[in-house]
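See structure below.
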Amino acid sequence: MSPDSSSTLSSEPEAYATLRALVERVTWRLRQRGARAHTITLKLRYADFTTITRGRSGAPTHAESDVWAV
């Protein structure tokens with residue numbers, strides 16, 4: 001499944017795999033641009049359209065392992 005904003009995920013392993021792909025893509029783009037992320041934000045939307053948004057800030061990074069640590 002392609003990780004995009006219109007994906008519907010039905011299981012935890014599927015959600016984890018999609019999140020992993022998104023982290024890989026975003027950190028690759030950061031490295032390509034010579035940029036670093038300071039704040040990581042995750043937005044989840046359930047089938048009933050309930051939305052949860054969480055964000056955390058840390059040291060600026062472009063490494064996948066640092067993003068996963070957040």
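The values are calculated or read from the model by the stated rules, or taken from the named source; none is laboratory data. Since the structure is predicted, the reported quantities are computational estimates derived from the model, not experimental observations. Note: ideal-geometry Cβ built from the backbone for every residue, glycine included; neighbour counts use all protein chains shown. Just so you know, the surface numbers come from the protein's heavy atoms only, side chains and all, with ligands and any DNA or RNA stripped out. Shrake-Rupley method; radii C 1.70, N 1.55, O 1.52, S 1.80 Å.
For segment 25-32, indicate whether the set of residues that are at pLDDT below 90 and either out of contact with any helix residue (DSSP H, G or I) (no Cβ under 7 Å at 6 or more places or on another chain) or charged (D, E, K, R) (or both) is non-empty. No, there is no match, as no residue in segment 25-32 is at pLDDT below 90 and either out of contact with any helix residue (DSSP H, G or I) (no Cβ under 7 Å at 6 or more places or on another chain) or charged (D, E, K, R) (or both).
If the condition is being touching a helix residue (DSSP H, G or I) at 6+ places or on another chain (Cβ under 7 Å) and within 22 Å of GLU12 (Cα to Cα), then segment 33-70 contributes ILE40, GLU64, VAL67, TRP68.
Across segment 14-67, which residue is most open to solvent (accessible area, probe 1.4 Å) among those that are in a strand (DSSP E or B) and among the β-branched types (Val, Ile, Thr)? Across segment 14-67, the extreme among qualifying residues is THR41.
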